[in-house]
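**Q** Right, I'll just put the structure down here and ask away after.
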Amino acid sequence: MRTGKPEYGGQAFTAEGVLNVGPYIGYEPLLINILEFFKSGVSPVSEKETLEIFTYIEAADESKRKEGKIILMEETYKKGAEEAHRLIKCLK
């Protein structure tokens, strides 16, 4: 058995080699960003990045609904962008 303090963290495997991504430091950095967002109203995440996250999730869900079928991210992104723009217009 291994002894010592267990630590959380991670490694990224890249073409240049293995990189340590650092230790797990808890939710404090996330909480700081959330509180700043609530105070300022300015999101720390761009609209483009948000749409990319939703694209990934939606493509995975669509693949699952279709029993593992390959879903093209580009098509999912386009549909998501159109829907997001439609919703934004409704809010204005």
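**Q** Could you calculate the contour length gain from Glu36 to Tyr8, that is, 0.36 nm times the residue separation minus the distance between their Cα atoms, to one decimal place in nm?
**A** 7.4 nm
**Q** Something else: Please give the charge dipole size of the chain, origin at the Cα centre, charges +1 on K and R Cβ atoms and -1 on D and E Cβ atoms. Round to the nearest 20 debye.
**A** 240 debye
**Q** Can you sort Ser40, Ser63 from fewest to most other Cβ atoms within 10 Å of each residue's own Cβ?
**A** Values: Ser40 9, Ser63 14.
Listing Ser40, Ser63 from fewest to most nearby Cβ atoms yields Ser40, Ser63.
**Q** So if a site counts as exposed when it's one of the GluC sites (Glu not before Pro), its DSSP state isn't H, G, I, E or B, and it has at most 14 other Cβ atoms within 10 Å, what's the longest stretch of the chain without one?
**A** 17-66
**Q** Continuing with this model, one more query. Using percent of Cα pairs over 21 Å apart as the read-out, say which of [x] 62; [y] 74; [z] 32 was calculated from these coordinates.
**A** The calculated read-out lines up with [x].
**Q** Just to confirm the filter: which chymotrypsin sites (Phe, Trp or Tyr not before Pro) across region 1-65 are DSSP coil and have at most 11 other Cβ within 10 angstrom of their Cβ?
**A** Of the chymotrypsin sites (Phe, Trp or Tyr not before Pro), the ones in loops of region 1-65 whose Cβ has at most 11 other Cβ atoms within 10 Å are Tyr8, Tyr24, Tyr27.
**Q** Also, quick follow-up: With unit charges on the beta carbon (Lys/Arg positive, Asp/Glu negative), name the residue among Gly22, Ile34, Ala12 whose Cα is farthest towards the positive pole of the charge dipole of the chain.
**A** Ile34
We did not get these values from a lab; they are worked out from the coordinates using the rules stated. Because the structure is predicted, anything quoted here is derived from the model rather than measured. All Cβ positions, even for glycine, are placed from backbone atoms using ideal geometry, and neighbour counts span all protein chains on display.
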